[in-house]
Structures are given as structure tokens and as C-alpha cells.
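Step one of this worksheet: look at the structure below.
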Amino acid sequence: METNVQKTEETLKKYRIEECIDNLKRKEYKVILKSIPGIIGKGMTTFYNYRDLRITDREDIPYKIARKLEILFGLEAGELENVKTVGKHYTQILEEHRNQMLPLQNDSNRTIQRSADYKKNRRRPRIN
């Protein structure tokens with residue numbers, strides 16, 4: 001079963017570009033396919049590379065180009081992606097950081113040692 005999941009991840013495309021193009025009529029398809037490089041400001045080969053990106057690839061489409069493609073195909077912001085991007089809100093990261101720092105504040109020796117090291121190794125900006 002793991003190999004099936006892995007195969008689908010490898011074959012699943014990062015963006016729905018091909019799906020959007022396939023939904024066009026034949027005449028629309030030809031016109032749009034020729035127009036896209038001018039619209040996004042990239043060559044046809046680059047567009048084909050964008051279209052063929054897999055979920056496992058590290059490459060990505062720049063935001064402005066992805067947004068232009070979304071507008072072209074009548075999609076809302078973020079609908080071009082097959083997999084939604086997730087992340088933490090900055091307040092959650094700050095809360096996690098505070099929770100990690102609490103044990104250090106209880107141990108006064110470690111806190112003093114850490115702050116002394118910080119002051120010793122801290123760089124100050126040069127003023128010319």
C-alpha cells in the first residue's frame with residue numbers, strides 16, 4: 001500500500017495547469033497555448049516545465065506567474081495548486097518559543113551563563 005501512495009505522490013502534479021488547459025475547446029486551446037508565454041513573460045519551454053511540476057519537485061512557480069495563470073483560467077487565488085500550502089501563524093511560533101524558554105528561566109545559572117555568552121559573542125553594527 002505504501003508504494004501506491006508513493007506512486008500517486010510522484011505522479012500528482014503540483015498545479016492544475018494541464019487540467020485547466022484540457023477543459024478548453026480545441027480552437028481556444030490553440031490560441032491560449034500560443035498566448036500563455038507572452039502573458040506570463042516566459043518561454044514555451046519554461047511554461048511546459050511549470051505545467052509538468054510534480055508535488056515532490058523542489059521547484060515552484062513564482063507567485064506573480066501563478067496568479068496570472070489563475071486569472072487567465074478564472075480561478076480564485078490559490079486554486080491553481082493541487083495541494084494547499086500550510087504553515088503556522090507567527091503567534092503560534094512565538095508561543096512555542098516562549099514555552100521552550102520557560103525551563104531555562106527557572107535555572108538561574110544556565111540563564112546567566114547563556115546571557116553572558118550572548119553578550120560576549122554579540123556583534124554590534126558598524127557606524128561609519
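None of the figures in this text is laboratory data; all of them are computed from the coordinates on show. As the structure is a prediction and not an experimental result, all values here were calculated from the model. Every residue, glycine as well, gets a Cβ built from its backbone with ideal geometry; the counts of neighbours run over all protein chains shown.
Key figures for this structure:
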read-out: In the stretch 2-72, lysine pairs closer than 28 Å at Cα, eight or more apart or cross-chain; value: 29
read-out: Cβ-Cβ FRET estimate between Ala77 and Lys30, R0 fixed at 35 Å, reported to 0.05; value: 0.80
read-out: Long-range HN-HN contacts of Arg54 with modeled amide H, under 5 Å; value: Lys14
read-out: Estimated distance in nm for a label pair at Lys42 and Val86, the labels positioned 7 Å out from Cα along Cα-to-Cβ; value: 2.7 nm
read-out: Among 55-61, 36-42, the order from most to least packed when residues are scored by Cβ within 10 Å on average; value: 36-42, 55-61
read-out: Förster-model FRET efficiency, 41 Å R0, Asp22 and Met101, C-beta, rounded to 0.05; value: 0.20
